[in-house]
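Let me begin by handing over the structure; questions about it come next.
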2 protein chains.
Amino acid sequence: MCRPRDRADGMGVERYESPDAETVADVVSTALHEGAVVTAEVACEVEYDGRTSGYLGPGDRLVVAKPDGTLLVHQPTKHKPVNWMPTGGTIVTSVAETADEPVIVARRSNPRERVEVRVRETYGLTRFDAADAAEYEESGTEAEMHEYIEAHPEELEDGLRIVEHERETKYGFIDFYAVDAEGTPVVVEVKRVQATLNHFDQLKRYVSLYEDTGDVRGLLVAPSASERVERACRDAGLEFVALPEFETDATLGNATLTDFD
Amino acid sequence: MCRPRDRADGMGVERYESPDAETVADVVSTALHEGAVVTAEVACEVEYDGRTSGYLGPGDRLVVAKPDGTLLVHQPTKHKPVNWMPTGGTIVTSVAETADEPVIVARRSNPRERVEVRVRETYGLTRFDAADAAEYEESGTEAEMHEYIEAHPEELEDGLRIVEHERETKYGFIDFYAVDAEGTPVVVEVKRVQATLNHFDQLKRYVSLYEDTGDVRGLLVAPSASERVERACRDAGLEFVALPEFETDATLGNATLTDFD
DNA sequence: TAATGCATTTCGGAA
DNA sequence: TTCCGAAGTGCATTA
């Protein structure tokens, strides 16, 4: 394997300044094979072919290649990479004979697609042998909202009794199948975010399953809903239940020590 | 502004090996302010608070900060960053007094949220003054599929006539409002990808708007659909129309010269 | 600014 | 493997 021109001080990081095409191909291939992450500051063109197809003309970008086959091409703005290959791809880096330039190709099947990064110039290249066993822990998800509702169905309506969580039907899964104080079946669809028309649709689909078996109610539960969604519910005989206590707002969160600007 | 320890050869790239906390804070702030992208290989902890809240324990990650306020924290696998701030955030980098460690905080309001990266160790830091004016050009999108259908409605059904594209209703926009050979109104919902139950829902919502005005048909147009979606359509009196010519498959695309492995 | 729907959505879980 | 739905979805578009 090829050695970096400037051995980095940082543990697990090897840096190459303006590497030639062969070095790029060599380092990228070796690093990915050995489980390291590669970052490169390059001028490049990108071509994508697969679910759609597209072309990105020459420009300076940050390219990230991960050992799981992920490839990201980032422009200087935006959260989303302009081109990419998700986990599970195969990344092959070679040198285009015609131009003596590195070419990074990521592919996968199912769906069959392909990203080709034609590197015009490599300003810098970093191999990062990252050790990361940590898993992200999150709270405030819809799953937690489900737990809360299962424990406190009366927050939705007095006398409501949960019969089943995640009940499967021939048209999909119902969040909660419940029964109200009168004994009428209630289908409950829970959303962590503001309810949308699609959420309304979803509830309507589930409720329609039970309509021919007699009286059924449908509850759309969310922190809020647009006027249009509330109207759609009314028109369709469904009920929207606002649970504003699930409104997320970081101002309620505890500020940390480093929170001083 | 602080100078890099090792001046990079690459145009527009400045590299810092194992920079101390003050250098990190200085370089990140200056670079972002001046429109450059910053990449750092670090050991860090991350805390997020906003739409949900979460914590990522210590580990090695790639951190990318963009001048538009985007912040990305990447673990060594996956397409998606484990933590992030989308475009429009404000990134403030400082030095935690207690530990003499860099702390990168990205915030935004609407929704109010906050990412804090507590950097335990900085293996390397790169400032990249990327010049990129190119825009990604894409084809094969749903918009193009619409154009095709508008030009060739007979591909959906003999005698079908498009009356209106993107017709607005009180429950959202209909892809196509059309009339069949018999003069019956037809609501058409087009999907570029395999049709899902949500797509079926969407069509059903639109069709329901016209049901009280008389006979209406609903067409769900997509390259394919699951068995459950087809059944849902049948049960609801809607029709699924397969347009397999829009099945995306890169094997049909033209292989490029560099496509040699 | 809010609302609506597409997206090369990605991702995880279950059958 | 496919199917289904959540996601801190992001993002453009339009009112």
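The values are calculated or read from the model by the stated rules, or taken from the named source; none is laboratory data. Since this is a predicted model, take the numbers as computed values, not measurements. Here the Cβ positions follow ideal geometry from the backbone for every residue, glycine too, while neighbour counts run over all protein chains shown.
Pull up region B:94-112, narrow it to residues that are assigned to a strand (DSSP E or B) and either within 20 Å of the chain's Cα centre (by Cα) or within 16 Å of DNA strand D (Cβ to nearest atom) (or both), then point me to the one that is nearest to residue B:22 (Cα to Cα).
Initially, region B:94-112 is screened for residues assigned to a strand (DSSP E or B), giving B:94-96, B:101-108.
Pick out the ones that are also either within 20 Å of the chain's Cα centre (by Cα) or within 16 Å of DNA strand D (Cβ to nearest atom) (or both) and you get B:103-108.
Numbers: B:103: 10, B:104: 12, B:105: 15, B:106: 18, B:107: 21, B:108: 24 Å.
So the residue we want is B:103.
If you scan region B:26-55, which residues turn out to be within 12 Å of another protein chain (Cβ to nearest Cβ) and hydrophobic (A, V, I, L, M, F, W, C)? Spell out the reasoning first.
First, the residues of region B:26-55 that are within 12 Å of another protein chain (Cβ to nearest Cβ): B:29, B:31-32, B:34-55.
Answer for region B:26-55, where residues must be within 12 Å of another protein chain (Cβ to nearest Cβ) and hydrophobic (A, V, I, L, M, F, W, C): B:31, B:32, B:36, B:37, B:38, B:40, B:42, B:43, B:44, B:46.
Has region B:187-198 got at least one residue that is farther than 20 Å from residue B:141 by Cβ and within 16 Å of DNA strand D (Cβ to nearest atom)? Walk me through how you get there before you give the answer.
Kept after step one, since they are farther than 20 Å from residue B:141 by Cβ, are these residues of region B:187-198: B:187, B:197.
If we keep only those that are within 16 Å of DNA strand D (Cβ to nearest atom) as well, we get B:197.
Scanning region B:187-198, I find at least one residue that is farther than 20 Å from residue B:141 by Cβ and within 16 Å of DNA strand D (Cβ to nearest atom), so the answer is yes.
Which numbered condition trips up residue B:76, out of (1) within 16 Å of DNA strand C (Cβ to nearest atom); (2) more than 7 Å from chain A (Cβ to nearest Cβ); (3) not hydroxyl-bearing (Ser, Thr, Tyr)?
(2)
If a residue must be at the interface with chain B (Cβ under 9 Å from one of its Cβ atoms) and more than 10 Å from DNA strand C (Cβ to nearest atom), how many such residues does region A:58-68 contain? Don't jump to the end; show me each part of the working.
Narrowing region A:58-68 to residues at the interface with chain B (Cβ under 9 Å from one of its Cβ atoms): A:58-62, A:64, A:66-68.
Narrowing the set further to residues that are more than 10 Å from DNA strand C (Cβ to nearest atom) leaves A:58-62, A:64, A:67.
Residues meeting the conditions: 7.
I'm checking my understanding of the structure. Among residues of region A:209-226 that are small (Gly, Ala, Ser) and at pLDDT 90 or above, which one is surrounded by the fewest Cβ atoms within 10 Å (Cβ to Cβ)?
In the first step, residues of region A:209-226 are kept if they are small (Gly, Ala, Ser); the result is A:214, A:218, A:222, A:224-226.
Checking which are at pLDDT 90 or above leaves us with A:218, A:222, A:224-226.
Values: A:218: 25, A:222: 23, A:224: 16, A:225: 23, A:226: 13.
Residue satisfying both the conditions and the ranking: A:226.
For residues that are of a type in the set (Asp, Glu) and over 23 Å from residue B:228 (Cα atoms), scanning just region A:171-208, find the one that is surrounded by the fewest Cβ atoms within 10 Å (Cβ to Cβ).
Going through region A:171-208, the residues of a type in the set (Asp, Glu) turn out to be A:175, A:180, A:182, A:189, A:201.
Remaining after also requiring over 23 Å from residue B:228 (Cα atoms): A:180, A:182.
On the way: A:180: 16, A:182: 9.
Checking each candidate, the answer is A:182.
Here are the criteria: (1) within 15 Å of residue B:48 (Cα to Cα); (2) in contact (Cβ under 8 Å) with a residue 12 or more places away in the chain. Tell me which single one residue B:109 does not satisfy.
Residue B:109 satisfies all of (1) within 15 Å of residue B:48 (Cα to Cα); (2) in contact (Cβ under 8 Å) with a residue 12 or more places away in the chain except (2).
If you don't mind, another one. Evaluate the following for residue A:140: is it in contact with a strand residue (DSSP E or B) (Cβ under 6 Å, 6 or more places away or on another chain), within 16 Å of DNA strand D (Cβ to nearest atom) and farther than 30 Å from residue A:58 by Cα?
On the way: in contact with a strand residue (DSSP E or B) (Cβ under 6 Å, 6 or more places away or on another chain): yes; within 16 Å of DNA strand D (Cβ to nearest atom): yes; farther than 30 Å from residue A:58 by Cα: yes.
Taking the combined requirement at face value, the residue satisfies it.
Among the residues of region A:159-182, which ones are part of a loop (DSSP other than H, G, I, E, B) and either touching a Leu at 6+ places or on another chain (Cβ under 6 Å) or farther than 14 Å from residue A:217 by Cβ (or both)? Walk me through it before giving the result.
At the first step, the residues of region A:159-182 found to be part of a loop (DSSP other than H, G, I, E, B) are A:159-160, A:170-171, A:180-182.
Residues satisfying the conditions are A:170, A:171, A:180.
Out of everything in region B:46-57 that is in contact (Cβ under 8 Å) with a residue 24 or more places away in the chain and surrounded by 18 or more Cβ atoms within 10 Å (Cβ to Cβ), what residue ends up being nearest to residue B:113 (Cα to Cα)? It would help to see each step written out before you state the result.
Step one: of region B:46-57, the residues in contact (Cβ under 8 Å) with a residue 24 or more places away in the chain are B:46-51, B:54, B:56.
Okay, now just the ones that are also surrounded by 18 or more Cβ atoms within 10 Å (Cβ to Cβ), so B:46-50, B:54, B:56.
Numbers: B:46: 13, B:47: 11, B:48: 8, B:49: 6, B:50: 4, B:54: 12, B:56: 16 Å.
Ranking the candidates gives B:50 first.
Applying the selection to region B:82-93, what residues are near DNA strand D (Cβ under 8 Å from one of its atoms) and either surrounded by fewer than 20 Cβ atoms within 10 Å (Cβ to Cβ) or charged (D, E, K, R) (or both)?
B:84, B:86, B:87, B:88
Moving on. Take the residues in region A:135-149 that are assigned to a loop (DSSP other than H, G, I, E, B) and either within 12 Å of DNA strand C (Cβ to nearest atom) or more than 7 Å from chain B (Cβ to nearest Cβ) (or both); name whichever of them is surrounded by the fewest Cβ atoms within 10 Å (Cβ to Cβ). Please lay out each step first, then the result.
Pass one, region A:135-149, residues assigned to a loop (DSSP other than H, G, I, E, B): A:135-136, A:140-141.
Filter once more, so that each one left must be either within 12 Å of DNA strand C (Cβ to nearest atom) or more than 7 Å from chain B (Cβ to nearest Cβ) (or both): A:135-136, A:141.
Values: A:135: 11, A:136: 14, A:141: 13.
Of everything passing the filter in region A:135-149, A:135 is surrounded by the fewest Cβ atoms within 10 Å (Cβ to Cβ).
Pull out all pairs, ordered by first then second residue, where Cβ-Cβ is under 6 Å, the residues are six or more apart or on different chains, the first lies in region A:208-232 and is farther than 24 Å from residue A:182 by Cβ and more than 12 Å from DNA strand D (Cβ to nearest atom), and the second is among the aromatic types (Phe, Trp, Tyr) and modelled with pLDDT of 95 or more.
Filtered contacts from region A:208-232: A:225/A:240; A:229/A:200; A:232/A:200.
Can I ask one more? Here are A:212, A:201, A:180: which of them is within 12 Å of DNA strand C (Cβ to nearest atom) and assigned by TED's automatic domain parsing to the domain that holds residue A:152? Break it down stepwise before answering.
On the way: A:212 fails: within 12 Å of DNA strand C (Cβ to nearest atom); A:180 fails: within 12 Å of DNA strand C (Cβ to nearest atom).
Just a single option satisfies the conditions, and that option is A:201.
Turning to a different aspect of this structure: Look at region A:110-134 and say how many of its residues are within 16 Å of DNA strand C (Cβ to nearest atom), out of contact with any helix residue (DSSP H, G or I) (no Cβ under 9 Å at 6 or more places or on another chain) and more than 18 Å from residue A:31 (Cα to Cα).
6
Of all residues in region A:121-171, which are touching a Gly at 6+ places or on another chain (Cβ under 6 Å), of a type in the set (Gly, Ala, Ser) and not assigned by TED's automatic domain parsing to the domain that holds residue A:17?
A:134
Which residues, counting only those in region B:183-198, are of a type in the set (Ser, Thr, Tyr) and away from DNA strand C (no atom under 16 Å from the Cβ)?
Pass one, region B:183-198, residues of a type in the set (Ser, Thr, Tyr): B:184, B:196.
Within region B:183-198, B:184 is the sole residue that qualifies.
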